[in-house]
Amino acid sequence: MTVSPEKLGPSYFQDPHPIQARLREQGPVTLVQMPEGFPAWLVTRHADVRAALTDRRLFKDWRKLAVPGAEVPADGSAADMINAHLLNLDPPDHERLRRLVTKAFTARRVADLRPRIAEITGALLDDLSGGGQNEVDLLESFAFPLPVTVISELLGIPASDRDRFRSWSDAVVSSVTSPERMQAAATEMSEYFTAQARARRDSSGASDDLLTALVHAQDAGDRLSTGELISMVFLLLVAGHETTVNLIASGTLALLLDPAAYARLRADRSLLPAAIEEMLRYTSPVNHATYRFTTEPISLAGVDIAAGQVVVVGLSSANHDPARFVSPESFDTGRDAGGHLAFGHGIHFCLGAPLARLEAEIAFNGLLDRFPDLALAVPQAELRWRPSTLIRGLERLPVRLGSA
Ligand code: HEM
């Protein structure tokens, strides 16, 4: 008997957890149909997800998929150019690029951002409390502009162009984007960043933004080509737009649904770092890791998968696996959420994790300081989630600010 694959669609976007729980029960790896229409193998249990993320038989460079084992030359399109980034590369190409990027995107560069992130956060919160409105969309007015302004300033690209970045980024991660819209976004984006990079090359390193550091990053005589640079910037920009915003918005939602936790954190900020790890586990802003492929038949957690198949690694499912976390469906800011896989694992572990944690810490401290009575302004059932299997994020977060 052939079993038709589980279709991931609107109900999965709105709440993946009951479906993931059922799939975890059924088996370690399940054939699903992605919303875009193609089949994929979804890995759901924590131990298998962790193992899959370091499994060298799962590849990320899609060019190897077209002809198993062979390199297929890129066609030189804009989409090709922006897609040649870390998340689409395997060793040794991945290693080479990650080393170059790590030279520019240093821990020091991130730590130095603290005062500026605090300033941006303070200004956004001032606008909120001084705006004369008690009911606001916290996503639009706080959770989104904070990381977007930070990543734009870090890269050194004008924050005033943010509406364009947003529409490009949205086109790329949505599960309902047409190929034409995707292509148009890719073309505009690569033209924009090629011009920005050219200006940096000409200026011979005078500015100290990350884009300039990337242009000039060198490792044993090696450096990023223009294509590699453009796709790296694209990746940082998309990561800066699509992830931390959801940690802040969904984390706030979790706290608003647990007022005792909100009050506890207000009273004792030393609890905040652990609470942020629990937010990462519980809300899992990246629902599925990016696609991986098989190039030969493999057995994954005992399930046979043919060559040329897509494998989807379920990060949020792993983070809600009762075999790893006690009562995973309860949001418990006091638990040790260590071992969560919200930032991935292995060679593709999130490069921006320290920045995301820093932004979250400053954002939550700011909210807790300013708004003791922050509350959800609509019933929870009215909240809608974005139509993406990759990203788990709210469309809006209407809140009442209360007395500031
Ligand atoms: C809460 C916020 C964030 C979450 C939950 C998150 C999550 C992730 C995950 C799960 C991966 C691995 C994906 C995979 O293996 O398929 C990843 C990779 C990556 N992230 Fe993040 N991310 C966040 C914020 C950021 C930020 C702010 C940046 C940059 C400014 C960033 C840059 C990257 C990069 C460059 C990679 C690719 C690393 C590689 O392939 O070597 N991320 N992120």
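The values are calculated or read from the model by the stated rules, or taken from the named source; none is laboratory data. Being a predicted model, the structure only gives us computed values, none of them experimental. Positions of Cβ are backbone-derived with ideal geometry, glycine not excepted, and every protein chain shown enters the neighbour counts. These area figures cover heavy atoms from the full protein model, side chains too; ligands, DNA and RNA do not enter into them. Shrake-Rupley method; radii C 1.70, N 1.55, O 1.52, S 1.80 Å.
Some observations on this one:
- Of all residues in the stretch 366-385, those satisfying the criterion of being among the small types (Gly, Ala, Ser) and touching a Gly at 6+ places or on another chain (Cβ under 8 Å) are GLY366, ALA375.
- Every pair of residues 6+ apart whose Cβ atoms lie under 9 Å, when the first sits in the stretch 92-116 and is within 10 Å of the ligand (Cβ to nearest atom) while the second is in a helix (DSSP H, G or I) and among the acidic types (Asp, Glu): LEU97/GLU228
- Residues located in the stretch 39-61, provided they are over 19 Å from PRO285 (Cβ atoms), open to solvent by less than 60 Å² (accessible area, probe 1.4 Å) and either away from the ligand (no atom under 16 Å from the Cβ) or in a helix (DSSP H, G or I) (or both): ASP48, ALA51, ALA52
- Test: residue in the stretch 352-368 that is acidic (Asp, Glu), farther than 30 Å from PRO115 by Cβ and either open to solvent by 20 Å² or more (accessible area, probe 1.4 Å) or modelled with pLDDT of 95 or more (or both): no
- Single match in ALA220, ALA195 (criterion: exposed (fewer than 12 other Cβ atoms within 10 Å of the Cβ) and at pLDDT 85 or above): ALA195
- Flag for VAL238 being at pLDDT 95 or above, open to solvent by 10 Å² or more (accessible area, probe 1.4 Å) and within 9 Å of the ligand (Cβ to nearest atom): no
- Restricting attention to the stretch 381-400, the residues that are more than 16 Å from the ligand (Cβ to nearest atom) and either part of a loop (DSSP other than H, G, I, E, B) or surrounded by 21 or more Cβ atoms within 10 Å (Cβ to Cβ) (or both) total 6.
- Check on TYR282, touching a Phe, Trp or Tyr at 6+ places or on another chain (Cβ under 6 Å), among the hydroxyl-bearing types (Ser, Thr, Tyr) and more than 9 Å from the ligand (Cβ to nearest atom): yes
- Only one entry in VAL378, VAL303, VAL313 is touching a strand residue (DSSP E or B) at 6+ places or on another chain (Cβ under 7 Å), at pLDDT 95 or above and buried (at least 21 other Cβ atoms within 10 Å of the Cβ), namely VAL313.
- Test: residue in the stretch 247-261 that is more than 10 Å from the ligand (Cβ to nearest atom) and under 16 Å from ASP336 (Cβ atoms): yes
- None of GLU228, GLU180 is of a type in the set (Asp, Glu) and surrounded by fewer than 21 Cβ atoms within 10 Å (Cβ to Cβ) except GLU180.
- Residues (farther than 24 Å from LEU394 by Cα and among the aromatic types (Phe, Trp, Tyr)) located in the stretch 1-46: PHE38, TRP41
- Test: GLU329 is touching a Pro at 6+ places or on another chain (Cβ under 9 Å), touching a residue at least 40 places away in the same chain (Cβ under 8 Å) and open to solvent by less than 20 Å² (accessible area, probe 1.4 Å): no
- Against the conditions (1) within 16 Å of the ligand (Cβ to nearest atom); (2) open to solvent by less than 10 Å² (accessible area, probe 1.4 Å); (3) assigned to a helix (DSSP H, G or I), LEU265 satisfies every one except (1).
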